[in-house]
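Each remark here refers to the structure printed beneath this line.
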Amino acid sequence: MNILIERITRITAATIIVGIDAAKDMHWARITDYRGVDLSKPVKVHNNIDGFESLLAKIEKLRIKYGCDQVIIGMEPSGHYWRALGWYLKLHESKPVLVGVNPYHTKQAKELNDNSQTKSDPKDALVVAHLIRDGRYFDTYLPEGEYAELRQLNTERQRIMKQISRANNILIALLDEFFPEYATVWCNVTCPTSLELLKIYAFPSDIAAAPRDKLLKDIRMASNGTEGTKLMEKMIRASNRSIGVKEGLRTVRLRMLSLIDELHYFEEKKEAIEAELESVMDALQLGKVLQSMLGVGPIISAAFLGEVGDISRFTNWKQVRSLAGLNLVENSSGKHKGKTKVSKRGRPYLRHMLYLAGECGCRCNPEMHKFYRYLRDRKNNPLNGHQAFVATGLKVMRILFHLAKTGEKYDPSKALGTVRLEQIASLA
């Protein structure tokens, strides 16, 4: 059955629909019947226990009055204001059906009722109720137990990675301005050895003023003895021909030291978060199953389970694909046939981690490497590198979905299937 029709048929004449516009201190609710007709005036809902209980008491009163046996409550799951109310409704003894409405749909449908671009919280709540009536909603998932822990840990790791990236970019920008030649000495100017040396030799003048024996000693100490004279000569050559700005160095040095401290701090926090991720994965038992696939480590498997949640709520891997926003869409009209691309309507972190899973699979997993090379080298519709990584990530996702569903460990002989192996063999 079409999913839209299935959602519409869930709403019967015995259904009460409640649309809620969530805000920080005050929510607005509109209570309607299955046709979208208001059963009461717009309801103010204070964001506290009294407000929640008052709303449910009013809904219950109307349910008895109109002889209804089902209550569907929906809201836009954007931001964080809705979460306290969402959890309260989920755990309440009356067990209302909790659904979500896409904020984009609410925005697009806002003018249908009154042909006006006017925005107000009571109006938005009614739009949400009407979207639910039309079947344009989705079941809201609130993770519990280890799945909730994984999602929070993934969120914190994303925040820390953004901080590391920000500090890296600012530090590189400062070096581009005040010592641009420094980048020719290193493959990665923010590697541990480079960061230690930047504390002392941030500018060409620092290198020029340092005695050679001291410079060599500092290099060996910073690199734990892995670097020496060769690196010293590169640094001297770079400093002698530098075109870097020579004014304001005192303040820039303070900024660099602050950024280096930030990088050390956030690296420690990242390691702590990743250790906690591994601990939760061990408790979940599925970690070993997913990580039996080469190229899938604790970070990717934790991201997959944290974003997807309880795998039993899915019946098909295509549902997970849509959740990640990796389902294909195309724009075609008449004789024009547009190119297909991924929709990107889904969870961005899951999409990002599946792309990384495709990259890691190509490097570490022989079967995924063969699959990637086939996508790149086939005669009909060969993919470029980025597209092939996305497709390989999707393949990894399908395998992870199967492993999580069945509890089986990874079997290389089943990874590609007979037809795909024949196609790969034909290219060879």
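The values are calculated or read from the model by the stated rules, or taken from the named source; none is laboratory data. What you see is a predicted model; the values in this text were computed from it and never measured. All Cβ positions, glycine included, derive from the backbone under ideal geometry; neighbour counts span all protein chains shown. With ligands, DNA and RNA removed, areas are computed over all heavy atoms of the protein, side chains included. Shrake-Rupley method; radii C 1.70, N 1.55, O 1.52, S 1.80 Å.
Restricting the first residue to region 153-169 and requiring it to be within 12 Å of residue 262 (Cα to Cα), which pairs with a second residue that is open to solvent by 20 Å² or more (accessible area, probe 1.4 Å) meet a Cβ separation below 6 Å and a spacing of at least six or different chains? As it stands, the answer is 160/266; 160/269; 160/270; 163/266; 164/266; 167/262; 168/190, since those pairs meet every condition given. Return the only residue of 274, 268 being surrounded by 14 or more Cβ atoms within 10 Å (Cβ to Cβ), part of a helix (DSSP H, G or I) and not aliphatic (A, V, I, L, M). Going through 274, 268 in turn, just one is surrounded by 14 or more Cβ atoms within 10 Å (Cβ to Cβ), part of a helix (DSSP H, G or I) and not aliphatic (A, V, I, L, M): 274. If you go through region 277-287 and keep only what is touching a residue at least 60 places away in the same chain (Cβ under 8 Å) and either among the polar types (S, T, N, Q) or open to solvent by 10 Å² or more (accessible area, probe 1.4 Å) (or both), you end up with 280, 283, 284, 286. Looking across region 15-38, the residues that are open to solvent by 20 Å² or more (accessible area, probe 1.4 Å) and of a type in the set (A, V, I, L, M) come down to 22, 23, 26, 37. Confirm whether residue 177 is open to solvent by 70 Å² or more (accessible area, probe 1.4 Å), assigned to a helix (DSSP H, G or I) and in contact with a helix residue (DSSP H, G or I) (Cβ under 7 Å, 6 or more places away or on another chain). So residue 177 does not fit the description; no. Listed by first and then second residue, the pairs with beta-carbon distance under 6 Å, at least 6 apart or on different chains, first residue in region 380-398 and open to solvent by 20 Å² or more (accessible area, probe 1.4 Å), second among the small types (Gly, Ala, Ser), are 389/358. Within region 377-385, identify whether any single residue is modelled with pLDDT under 95, over 20 Å from residue 155 (Cβ atoms) and assigned to a helix (DSSP H, G or I), and answer yes or no. Yes: one or more hits. Can residue 309 be described as open to solvent by less than 50 Å² (accessible area, probe 1.4 Å), touching a Lys or Arg at 6+ places or on another chain (Cβ under 6 Å) and at positive phi? No. Residue 403 fails exactly one of the following numbered conditions: (1) open to solvent by 40 Å² or more (accessible area, probe 1.4 Å); (2) in contact with a helix residue (DSSP H, G or I) (Cβ under 9 Å, 6 or more places away or on another chain). What is the number of that condition? Single failed check for residue 403: (1).
Would you confirm whether or not region 188-209 contains a residue that is assigned to a helix (DSSP H, G or I), over 26 Å from residue 167 (Cα atoms) and either among the β-branched types (Val, Ile, Thr) or open to solvent by 90 Å² or more (accessible area, probe 1.4 Å) (or both)? Checking region 188-209: not a single residue is assigned to a helix (DSSP H, G or I), over 26 Å from residue 167 (Cα atoms) and either among the β-branched types (Val, Ile, Thr) or open to solvent by 90 Å² or more (accessible area, probe 1.4 Å) (or both). Could you please find all residues in region 288-297 being open to solvent by 40 Å² or more (accessible area, probe 1.4 Å) and in a helix (DSSP H, G or I)? Answer for region 288-297, where residues must be open to solvent by 40 Å² or more (accessible area, probe 1.4 Å) and in a helix (DSSP H, G or I): just 288. Among 91, 98, which is within 33 Å of the chain's Cα centre (by Cα), aliphatic (A, V, I, L, M) and at pLDDT below 95? Residue meeting the stated conditions: 91.
Please tell me if residue 314 is at pLDDT 95 or above, open to solvent by less than 80 Å² (accessible area, probe 1.4 Å), within 20 Å of the chain's Cα centre (by Cα) and not basic (Lys, Arg). No: the conditions fail for residue 314.
Restricted to region 227-265, and to residues there that are in a loop (DSSP other than H, G, I, E, B) and among the charged types (D, E, K, R), the residue that is least open to solvent (accessible area, probe 1.4 Å) is 227.
For residue 372, the test of being crowded, with 21+ Cβ neighbours inside 10 Å and not hydrophobic (A, V, I, L, M, F, W, C) is passed.
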